[in-house]
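First the structure, in the form of structure tokens, and then the observations on it.
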Amino acid sequence: MLKLVRRSFVTGVAAAAITLSLNAAPASAETVLRVVPHSGLKILDPIWTTAYISRNHGYMIYDTLFSLDGDGVVQPQMVDTVTRSDDGLTVTITLRDGLMWHDGQSVTAADTVASINRWAGKDAMGQKMMTFVDSLSATDDHTMVFALNSPTGLIELALAKPSSNVPFMMPARIAATPGSEQIDEYVGSGPFMFNDAEWEPGTKVVYDRFEGYVPRSEPTNGLAGAKIAKVDRVEWTPNRDIQAAINSLVAGEVDIIESTPPDLLPLLASSGEGYTQSPNLAGLQYTFRFNVLHPPFDNPKIRQALLYAFNQEDFLEATIGDPDYFQACKAMFICGLPFETNAHMEDLLESNFVKARELLDEAGYDGTPVVLMHSTNVPVLTNLAPVAKELMEAIGMTVDMQSMDWSTLVARRSKKDDPAEGGWNAFATAWDAGDLFNPLAMAFLNSSCDTALFGWPCDDQIEQLRDDFARAGSFEEQFAIVEAIQARFVEYPTHIHLGQFNTPSALRNNVTGYLSAGVPVFWNVEKN
């Protein structure tokens, strides 16, 4: 009988992690783990894009300097030691021995410095971290030194960022690629290697165990500790028909389905062939993203109108359906986590069409069409855009909803072109809790203009508040800043959060060791 593991929203990022012993040896026979990911993989650069499928690919082949354990505590990963000067202005990090790239070369501090610089140029938390850094240099093959202009604890926290963009380490020659361009070589130092010869973009991805990987000695715990590849090969094959994917799992043709809609769980339960487990106990948050470069959303009042026109329940019912797996949550920084507050959000997200129309009138909305990108092949996202379209049309807006697969949407959202010429005005997506738990991690809050994430909001007040948060010396100070950020957000919306949800992974009964680590990872997984 299937055991349905219905996870509640918990305090702390990926709390209650599974900590597993290192005693189990890697499989001795050829073992292939067959996975149905949430979408096809077309973009292989997890720094160039925030797409979760590219992030998940990154965790297969790259490693990180630091990681979060199951309690959300920063732990060293590629790092051996960290020391600070008495004045707090010099942070020295040494790498652990035995680190090797998949091409056989040793990992050096020059590689990690180049990787940090490339990541920090793209990522909101990395950008904020670098405002504290006067210089970053490699002093020898194992050592890098941060010279700071002000003491901060942000270095380790930022370098342990668990989700998009993750500060994955790459060889310096690859990390030298500008962040505005995609890399074209995929060499990491993680427990699996990317099999370039068998990659079929959007259709199939293959990873082989890297025999040269030296795991840490600590037990696996969240994203921290030992990363042991216990299968020889992992194959990702997306399936647009999720019911067909479940049938394949029941038949033994598939081992793991990354994301399973709750309405199909009874089909799995009745088979007796599998069980469910969530890789992300703290859940995800649906998000509607504006492009502020072009009309109509270049006008903050028109963005405010949607804060009143939308309601979270419509989106959650249309996408998840089962209330055991969703909750309405007006707090920007995730319900159940430390910075949860409804301050300044009380009257929003209630489908107050009268107030929404008033704001459109004040803004002088002239019927400019909203080019709304609609993802069609990721089940948990498919119904978001149609709901948004209906609610926008209810207040008198014109909506041009254009349907495409997720990979096409991911590529298009980076374009700044006029919407009528291949650009866009809005789209809907979802973020893991690990990307949202504070104002520095939340990429869509970054309002640094051209260096902000696609959508490119530009607001000095939000940026000053984010900087204040990074410098705050206590939780009480940080919480007050969070409330101030939500007040400014109402005046200058960068996005709209549409509710929290969780969709579990489905696993065959002969698969063990799948981690509730905050993101889906496939080290530690055994197939018997």
In region 226-249, residues that are within 26 Å of TRP523 (Cβ to Cβ) and not in a loop (DSSP other than H, G, I, E, B) total 9
Mind checking which residues of region 291-330 are without any contact (Cβ under 8 Å) to a residue 24 or more places away in the chain and either over 30 Å from THR368 (Cβ atoms) or not assigned by TED's automatic domain parsing to the domain that holds VAL410 (or both)?
-> PRO323
Across region 263-281, which residue is modelled with the highest pLDDT among those that are in contact with a Lys or Arg (Cβ under 9 Å, 6 or more places away or on another chain) and within 26 Å of GLU313 (Cβ to Cβ)?
-> THR276
Farther than 27 Å from ASP435 by Cα, charged (D, E, K, R) and assigned by TED's automatic domain parsing to the domain that holds ALA158 - does that describe any residue in region 100-117?
-> yes
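Is it the case that THR139 is modelled with pLDDT of 95 or more, over 26 Å from LEU445 (Cα atoms), touching a helix residue (DSSP H, G or I) at 6+ places or on another chain (Cβ under 8 Å) and crowded, with 19+ Cβ neighbours inside 10 Å?
Details: modelled with pLDDT of 95 or more: yes; over 26 Å from LEU445 (Cα atoms): yes; touching a helix residue (DSSP H, G or I) at 6+ places or on another chain (Cβ under 8 Å): yes; crowded, with 19+ Cβ neighbours inside 10 Å: no.
Criteria not met by THR139.
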Could you tell me which of the residues ALA385, ALA411 is surrounded by fewer than 17 Cβ atoms within 10 Å (Cβ to Cβ) and touching a residue at least 40 places away in the same chain (Cβ under 8 Å)?
-> ALA411
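Keeping to region 349-379, report how many residues are of a type outside the set (Ser, Thr, Tyr) and part of a loop (DSSP other than H, G, I, E, B).
To start, the set of residues in region 349-379 that are of a type outside the set (Ser, Thr, Tyr) comprises 349-350, 352-364, 366-367, 369-374, 377-379.
Cutting the leftovers down to part of a loop (DSSP other than H, G, I, E, B) gives us 349, 352, 364, 366-367, 369, 377-379.
The total comes to 9.
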Scan (1) part of a loop (DSSP other than H, G, I, E, B); (2) assigned by TED's automatic domain parsing to the domain that holds ALA428 for the single condition PHE288 breaks and write down its number.
-> (1)
If we scan region 60-69, do we find a residue that is at pLDDT 95 or above, crowded, with 16+ Cβ neighbours inside 10 Å, over 21 Å from the mean Cα position of the chain (by Cα) and not in a loop (DSSP other than H, G, I, E, B)?
-> no
Before we move on, is ILE485 part of a helix (DSSP H, G or I), among the β-branched types (Val, Ile, Thr) and within 27 Å of GLY179 (Cα to Cα)?
-> no
Count of region 391-426 residues which are assigned to a helix (DSSP H, G or I) and either under 22 Å from ALA363 (Cβ atoms) or of a type in the set (Lys, Arg) (or both) = 7
Among the residues of region 427-449 satisfying the criterion of being assigned to a helix (DSSP H, G or I) and at pLDDT below 95, which is farthest from MET125 (Cα to Cα)?
-> ALA433
So, first residue at pLDDT 90 or above in region 465-493, second residue of a type in the set (S, T, N, Q) and in a helix (DSSP H, G or I), Cβ within less than 7 Å, six or more apart or across chains; the pairs are PHE469/GLN478; ARG488/GLN461; PRO493/GLN304
Would you point out the residue of region 394-412, among those that are polar (S, T, N, Q) and modelled with pLDDT of 95 or more, that is farthest from ARG240 (Cα to Cα)?
-> THR398
Do you know which residues across region 200-213 are assigned to a loop (DSSP other than H, G, I, E, B) and either crowded, with 17+ Cβ neighbours inside 10 Å or touching an Asp or Glu at 6+ places or on another chain (Cβ under 9 Å) (or both)?
-> GLY202, PHE210, TYR213
In the list ARG216, ARG233, which residue meets the criterion of being touching a residue at least 40 places away in the same chain (Cβ under 8 Å), farther than 22 Å from ASP80 by Cα and either crowded, with 17+ Cβ neighbours inside 10 Å or in contact with an Asp or Glu (Cβ under 6 Å, 6 or more places away or on another chain) (or both)?
-> ARG233
Can you tell me which residues in region 381-415 are within 22 Å of the chain's Cα centre (by Cα) and not hydrophobic (A, V, I, L, M, F, W, C)?
-> THR382, ASN383, ASP405, SER407, THR408, ARG412, ARG413, SER414, LYS415
What number of residues within region 154-176 are within 22 Å of the chain's Cα centre (by Cα) and either among the hydroxyl-bearing types (Ser, Thr, Tyr) or in a loop (DSSP other than H, G, I, E, B) (or both)?
-> 10
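Take MET144 and tell me if it is part of a helix (DSSP H, G or I), assigned by TED's automatic domain parsing to the domain that holds GLY58 and crowded, with 22+ Cβ neighbours inside 10 Å.
no
The values are calculated or read from the model by the stated rules, or taken from the named source; none is laboratory data. A quick note: this is a predicted structure, and the numbers were derived from the prediction, not measured. Glycine gets a Cβ as well: all are built from the backbone with ideal geometry, and neighbour counts include every protein chain shown.
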